[in-house]
Amino acid sequence: MFMTNGQVAARPMTPVVGRIRRRRRETQDTFTLEIELEKKRRFSFAPGQFNMLYVFGVGEVPISISGDPAESDVVRHTTREVGVVTGAMRGLKEGDYLGIRGPFGSAWPVEEAEGRDVVVIAGGIGLAPLRPVLYHLMDHRERYNRVTILYGARTPEDILYKQELGRWSARLDVEVFATVDRATRTWHGNVGVITTLIPRAPFDPKNALAMVCGPEIMMHFCVRELHRRGVTSDRIFVSMERNMQCAIGLCGHCQYGPHFVCKDGPVFRFDQIEEFFSVREF
Amino acid sequence: MTVQSITQSLAELRFFKDMPREHLEMLAGCASPVAFKKGEFLLLVGHEATHFVAIREGMVALEMEAANKITTLQTIGEGSIVGWSWLVPPYTWHYDARAATPVSAIQFDARCVRDLCESNPAFGYDVLKHFSHVIVERLMNTRIQLADMYH
Ligand SMILES: Cc1cc2nc3c(=O)[nH]c(=O)nc-3n(C[C@H](O)[C@H](O)[C@H](O)COP(=O)(O)OP(=O)(O)OC[C@H]3O[C@@H](n4cnc5c(N)ncnc54)[C@H](O)[C@@H]3O)c2cc1C
Ligand code: FES
């Protein structure tokens, strides 16, 4: 099933067994699993794609791939515990097994972004599906114009991938701005909602391409700010979440207007979904 | 700094972009450059709002004390304004503003600006329009914050 170029293979409903090689606590409710596949299978994916992770005897959930697209011996997923399956997943230890199907779905437009200013906007756990893009941008930095990362979290303790953000912000060719919704005086960075970073961020709205991932309400406000700065909907990409079951466009669980999020998404160009976005029934 | 050089400094700040030169000159007549050391307070809750500040460089933290804990509500950076309570009675600050880094700014005498607003309605309306943005933005930000969107 695991193929190169992020293609879904012949038996997409049958999970492959993966073994947890390493488990890392990211924040108080978020953890990253580093998984190796049975029979040392290689794995490749495109940034933005997701896998269905099956916690045996509990259930299956879609989780984005958060690792480096350049590495193929390991699959990384960063998960936030919110309910039954993610809670059980959090209880898994190094050496435990889980089922994996994938990779599924559409990808972030890393090629379309070449030659442009790239603005990566992530909120909370939304940094996980965007981390593969950031690895790609750093590895091929010369292909892009200005690269700006805007990241918002609830509190300083909720900031994901602190070390990597620190490393990227130390680079002279990348600008990283982080903000938190609330903090005490021990935090010396920005405080304020993520939208406050957008008017000040160093990019040219006429040529920039933005990739936005986070809770829907956060993406809604960020898109509004991007529009205000002059970034048009055809240069804004968002990653959508809906409940999923088959992940291959058969069951209809993830329907979103005329789209299936598992197959046509999760990454959408904003003008493709603009009319449904923020409409309650959708 | 002369009125001319303050006018020029104001013209370079994001907040004042779109304001006619003539109005910037009027504001500059009520303004003077200031610097705050890290940790110094620009405004104190409950005190009379006698002035407001435009940040040229540095970061200011708006803070509130509740349940014996000081919480930072928002940080404000370059090109932005600290303080709008000088515009509406009873002209008292609603929060503390502390320099989170060394801050270089332009400080305005609130009474001087209010008097100009009263005597020149076109200027007054322009100032009000610019400050409405700050007020609406802070209100929107507070609403987004209350939505606790990452929870
Ligand atoms: C394409 C795609 C990619 C995803 N990538 C990631 C990822 O990289 N990391 C990650 O942690 N999650 C990711 N998710 C979300 C993840 O799939 C859900 O959090 C998971 O399915 C919840 O399952 P559960 O059994 O633990 O929760 P449930 O028991 O089904 O739900 C328990 C409670 O949590 C709430 N809940 C469910 N989903 C969410 C959610 N997404 N956010 C907040 N509350 C929720 C429910 O409303 C319910 O109240 C992704 C989802 C999609 C569709
Ligand atoms: S999950 Fe079945 S159609 Fe998308």
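The values are calculated or read from the model by the stated rules, or taken from the named source; none is laboratory data. Remember, predicted model here, so these are calculated numbers, not experimental data. Because the Cβ atoms are built from the backbone with ideal geometry, glycine has one as well, and the counts that use them run over all protein chains shown. Just the protein is used for accessible areas: all its heavy atoms, side chains included, with ligands, DNA and RNA removed. Shrake-Rupley method; radii C 1.70, N 1.55, O 1.52, S 1.80 Å.
General observations
- Carbon plus sulfur fraction of accessible area for the range A:117-277, probe 1.4 Å, in percent: 49
- For the range A:3-104, average projected area of the Cα convex hull in nm²: 5.9
- Computed with every protein chain present, the accessible area of A:Ile248 is close to 40 Å² [probe 1.4 Å].
- Order of exposure, largest accessible area first, which applies to A:Tyr54, A:Tyr256 with probe 1.4 Å: A:Tyr54, A:Tyr256
- Per residue accessible area in Å² of chain B, where ligands, DNA and RNA are left out and the probe is 1.4 Å: 50
- The range A:48-63 - phi-based ³J(HN,Hα) in whole Hz, Karplus 6.51/-1.76/1.60, Gly and Pro as x: x, 6, 10, 10, 8, 9, 10, 8, 3, x, 10, x, 10, 9, x, 9
- Split the accessible area of the range A:3-104 by element, probe 1.4 Å, and carbon with sulfur accounts for 49%.
- 3J(HN,Hα) couplings calculated from phi for the range A:110-126 with the Karplus curve 6.51 cos²θ - 1.76 cosθ + 1.60 (θ = phi - 60°) are, in sequence order, 5, 7, 4, 7, 4, x, 10, 6, 10, 10, 9, 10, 10, x, x, 5, x Hz; Gly and Pro show x.
- Each other residue within a Cβ distance under 13 Å of A:Asp29 adds +1 if Lys or Arg and -1 if Asp or Glu, for a net charge of 0.
- Note on the protein assembly as shown: antiparallel DSSP beta bridges, both residues inside, total approximately 75 percent of the bridges counted.
- Length-normalised contact order for chain A - Cα pairs under 8 Å, 6+ apart - percent: 17
- Solvent-accessible surface ranking, highest first, for A:Glu60, A:Glu175 at 1.4 angstrom: A:Glu175, A:Glu60
- Angle between chain A longest axis and helix A:127-139 axis [Cα atoms, degrees, rounded to 10]: 70
- Accessible area ranking (1.4 Å probe, heavy atoms, ligands and nucleic acids excluded), largest first, for A:Trp108, A:Trp187: A:Trp187, A:Trp108.
- Listing of the range B:120-151 residues, each with accessible area lower by at least 10 Å² in the full protein assembly than in the chain alone (probe 1.4 Å): B:Glu137, B:Met140, B:Asn141, B:Ile144, B:Gln145, B:Ala147, B:Asp148, B:Met149, B:Tyr150, B:His151
- Residues losing 20 Å² or more accessible surface upon assembly, the range A:136-178, compared with the chain by itself, 1.4 Å: A:Arg154
- Three-way shape call for the protein assembly as shown based on the alpha-carbon gyration tensor, with the a/c threshold at 1.5: prolate
- Between helix A:216-229 and chain A: long-axis angle, C-alpha atoms, 0 to 90°, nearest 10: 30
- Angle in degrees between helix B:110-119 and the longest Cα principal axis of chain B, rounded to the nearest 10: 50
- Alpha-carbon centroid distance for the pair the range B:1-54 / the range A:131-203, whole angstrom: 30
- Here is how the number arises for the protein assembly as shown: DSSP H runs of 4 or more residues each give -39500 (n - 2.57), the sum is divided by the residue count, and the result at 222 nm is -7000 deg cm²/dmol.
- Accessible area of the range A:117-277 divided out per residue, in Å², using a probe of 1.4 angstrom: 39
- Take B:Tyr125: with every protein chain present and a 1.4 Å probe, its accessible area is about 140 Å².
- The H on the amide N of A:Val147, modeled in the peptide plane, is under 5 Å from the matching H of A:Val118, A:Glu175, each at least 5 residues off or on a different chain.
- Summed over both chains, the contact between A and B buries some 2200 Å² of accessible surface at a probe radius of 1.4 Å.
- Net charge of Cβ neighbours under 10 Å - reference A:Asp173; Lys, Arg +1; Asp, Glu -1: +1
- Local electrostatic count, B:Gly39, Cβ distance below 14 Å [Lys/Arg +1, Asp/Glu -1]: +1
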